[in-house]
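Here's the structure we're looking at; comments come further down.
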Amino acid sequence: MKPVYIRDYDLLVIGETFIEIGCDGDIALSKEYRKDIGGADIITGITAARLGSSVSLVSAIAADPFHSFLREALLSQGVNIDHTITSQGYNGLYFTSPRASEQREYLFHRPGTAAMSITPSLIYDDLIENSKIVYASSELQSVSKAARHTVFKAFHHAHINDIMVAYDPNLRLRLWSLDDAKECLWSVLPLVDVMLPSAPDESKALFGYERPLDVIGFLWDRGVSIVAVKNGEKGCLVGYDSKIEEFPMPQGKGAVTDVTLIGSVFNGGFLHCIARGFDPFSAAQFANNVALYKGIKGGSISSLPTKEDLA
């Protein structure tokens, strides 16, 4: 296996590729919509890539009318798609509207989704061993049993080879049941090094705790070494190496207008720093600024910051 410092990828993302259709008002009543690439895991990868990380994506893109658009969008953001296959069926699609910062609106459609073609056969040893961090979330696990097995296979091989595994529970009950989400979480929990949950609603549903401090203790007891609990406008609480620090969102930089997928943006900034060798506390402070930049600027992937924007 390659030493860490000569591996080709800072971050290997395994996730579903969506078409995002955005609008500014009510989804059903709006007359104008914006088309872009989307998906929680994809946004995490693109955020890290725009900040300067080398990112590779394991996914499937259907040969429907959006095929070329999605591939070109990923390439334009610097994401390696050598391991993203072309499949039959249709690409997943969702409508989204920021409306109010505390009331995000999502409407998912998965007719014959291409992500059904994401199977364990896409994961092989050299791919995992050529990455510093392997990342996935429950968004992909919610697609199918094959997708769950794919995530488990990637995490297991990374774990037994001491490659960092990062996971976001990313609970979305519009996509599946709480029981299924818990089952998938517990199946990979022993393999995870970095957990990126949200509080209070998600953490209460999955772990039984609303306070970020309790969530950190709960996950530490189960072997997760780095826990970054996202707590909305309050910022985040990070636990690592028996230390816990709170990082409020920076003030005075502008009003947040769009929190769509802002947690995934935080993840991308956080993992970018970890791959660069920074400690989790420095990574959290940086990731807060990355997420805030996106929240203030709003919009699609073009609103995600580059390293020059944050210099």
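Sort Lys307, Lys204 so that the residue with the fewest other Cβ atoms within 10 Å of its own Cβ comes first and the one with the most comes last.
On the way: Lys307 11, Lys204 14.
Going from sparsest to densest Cβ surroundings: Lys307, Lys204.
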Just to be sure I understand: with springs between alpha-carbon atoms less than 10 Å apart, which residue in Lys153, Lys253, Lys243 has the highest mean-square fluctuation in the Gaussian network model of the chain? Lys243
Gaussian network model of the chain, Cα springs within a sub-10 Å range: biggest mean-square fluctuation belongs to which of Ser225, Ser187, Ser300? Ser187
Could you please rank Arg211, Arg222, Arg7, placing first whichever residue has the fewest other Cβ atoms within 10 Å of its Cβ? Arg222, Arg211, Arg7
Kirkwood hydrodynamic radius over Cα pairs of segment 217-310, then Stokes diffusion coefficient at 10 °C and 1.306 mPa s, in µm²/s: 117 µm²/s
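Please report the antiparallel percentage of the DSSP beta bridges confined to the chain, to the nearest 5.
Values: 21 of 51 bridges.
Within the chain, antiparallel bridges account for around 40 percent of the total.
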For segment 11-78, state which trypsin sites (Lys or Arg not before Pro) are in a DSSP loop and have at most 10 other beta carbons lying within 10 Å of their beta carbon. Lys31
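Report the percentage of all Cα-Cα pairs in the chain whose separation exceeds 29 Å, rounded to a whole percent.
Numbers: 13971 of 48205 pairs.
Every Cα pair in the chain considered, those over 29 Å come to 29 percent.
Treat every Asp and Glu Cβ in segment 189-311 as -1 and every Lys and Arg Cβ as +1, leave all other atoms uncharged, and give the resulting dipole magnitude about the Cα centre to the nearest 20 debye. Please list the in-between numbers first.
Details: 11 positive and 14 negative charges, 46 e Å.
Dipole magnitude for segment 189-311 comes out near 220 debye.
Would you order Thr150, Thr44 from fewest to most other beta-carbon atoms within 10 Å of each residue's own beta-carbon?
Numbers: Thr150 24, Thr44 32.
Listed from fewest to most nearby Cβ atoms, that is Thr150, Thr44.
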Return the sequence-ordered ³J(HN,Hα) values of segment 135-151 in whole Hz as given by the Karplus equation 6.51 cos²θ - 1.76 cosθ + 1.60 applied to θ = phi - 60°, using x for Gly and Pro. 10, 7, 9, 6, 4, 6, 4, 6, 6, 6, 5, 4, 5, 5, 5, 5, 4
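Here, each number is a calculation from the coordinates, and none is a lab measurement. Note that this is a predicted model, so its numbers are computed, not measured. For neighbour counting, all protein chains shown are included, and Cβ atoms are generated from backbone atoms with ideal geometry for every residue, glycine included.
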